[in-house]
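The values are calculated or read from the model by the stated rules, or taken from the named source; none is laboratory data. Owing to the predicted nature of the structure, the values given are computational and were not obtained by experimental measurement. Cβ: placed from backbone, ideal geometry, glycine included. Neighbour counts: every protein chain shown.
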Amino acid sequence: MTLKLVTALIALSLAACGTHSVRDDSPSSDLDALVQTVERQLPNRTLPNGKQYCAELAATEGAQDECMGDLEALNLLRVRDRERAIQQLRGGANRVKATRVTCSWWQYRCKADRRALQRGEQPP
């Protein structure tokens, strides 16, 4: 009876030592997802002619004015893309930080900091 109990305890302890937790893999996958999201927020934008430039190709002043209008619109889109990407990056970084904060049940300040990170605020 004692030999069976010792064998069972050894088997249980070996099973616990041989596994790894999912939490170890979580930060890298969260960061990979964050990078992919930011890459989607920052697409390559081109002008209606399919290129990144057009002022040098314009033959007339009217064509050049039209091209400059397109460039201004493209610049506005890029600024909006950048703002969305920065907001997404900050929110994702805060979520990753919040997952890395481990608190015990008695650490009220730590729990408040983690909730602030999850809401997207800086902890006090």
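Couple of notes before you dig in:
- Qualifying residue in segment 13-29 (condition: assigned to a helix (DSSP H, G or I), touching a helix residue (DSSP H, G or I) at 6+ places or on another chain (Cβ under 7 Å), surrounded by 10 or more Cβ atoms within 10 Å (Cβ to Cβ) and at pLDDT below 75): yes
- Residue match in segment 79-87 (condition: among the acidic types (D, E), surrounded by 11 or more Cβ atoms within 10 Å (Cβ to Cβ), on the phi < 0 side of the Ramachandran plot and modelled with pLDDT of 85 or more): yes
- Among residues of segment 69-120 being of a type in the set (A, V, I, L, M) and in contact with a helix residue (DSSP H, G or I) (Cβ under 6 Å, 6 or more places away or on another chain), the one that is nearest to L42 (Cα to Cα) is A85.
- Listed conditions (1) outside any helix (DSSP H, G or I); (2) modelled with pLDDT of 85 or more are all met by G69, apart from (1).
- The residues of segment 48-66 that are modelled with pLDDT of 80 or more and in a helix (DSSP H, G or I), listed by number, are E61, G62, A63, Q64, D65, E66.
- All conditions in (1) loosely packed, with under 11 Cβ neighbours inside 10 Å; (2) modelled with pLDDT under 80; (3) closer than 30 Å to R115 by Cα; (4) polar (S, T, N, Q) hold for T99, with the sole exception of (1).
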